[in-house]
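Values in this text are rule-based calculations from the coordinates and carry no lab data. Everything numeric here is computed off the predicted structure, so don't read it as measured data. No Cβ is skipped: glycine too gets one built from the backbone with ideal geometry, and neighbour counts run over all protein chains shown.
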Amino acid sequence: MRTWLVDASVMLKWVVSERNEPEQDKAWRLLTAWRHGRIELAAPTLWQYEVGNFLGRRLPEEAREKFALLLNLGIRSMDLTEEMSQRCFAWMREKGVTFYDAAYLTVAVETQGILVTADEQFVKKMGDLGNLCLLANLELD
């Protein structure tokens, strides 16, 4: 079974209910496929800090409830190894991306999974690695 890694940009689409949120339907399809056992979902533990920061700043009145919803999903969280961090630093130098974004992708590479992100700029910077999918282009089997 293929592992799909999700970053904060995708997870937030599960709990932020803004009108006309781009690609929210695709994010929901990904979550639904996981809940039905058709795919595996994972993310580096970093997601908790990124999502918590966004919710606390943008939706302070709803942050605790929305964060708890995501925590209670029980998506597998993965820590970086020293080798994985070295890959992140290399991508930072070579591609001009943040350590945070590189961390999500390096977990995808390590697990032979695919990172799904709504961050179009990150996808453009990284190019075609085979482990990266823009949410807008997501097609589940």
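Some points to look at:
- Taken over region 53-141, the alpha-carbon convex hull comes to 133 cubic angstrom per residue.
- Both radii come from the Cα set of region 36-81: Rg as radius of gyration, Rh as Kirkwood radius; their ratio Rg/Rh reads 1.04.
- Average Cα contact separation per residue, region 3-137, under 8 Å, 6 or more apart, as relative contact order %: 32
- Between the listed residues Pro22, Ala102, Phe54, the Cα displaced farthest toward the positive end of the dipole of region 3-137, a dipole computed from Cβ unit charges relative to the Cα centre, is found at Pro22.
- Diffusion constant of region 1-54 at 10 °C, which comes from Stokes-Einstein with the Kirkwood Cα-pair radius and 1.306 mPa s, µm²/s: 135
- Residues whose amide H comes within less than 5 Å of that of Met78, counting only those at least five positions distant or on another chain, are Ala43, Thr45 (H built at 1.01 Å from N in the peptide plane).
- Amide N of region 120-141 lying under 15 Å from the label point, which is placed 7 angstrom from the Cα of Asp25 along Cα→Cβ: 136-140
- Peptide ranges 1-9, 15-23 listed from the most packed, as the mean C-beta count within 10 angstrom indicates: 1-9, 15-23
- Working ranking of peptides 82-95, 42-55 by packing, defined as the average number of other Cβ atoms within 10 Å per residue, highest first, is 42-55, 82-95.
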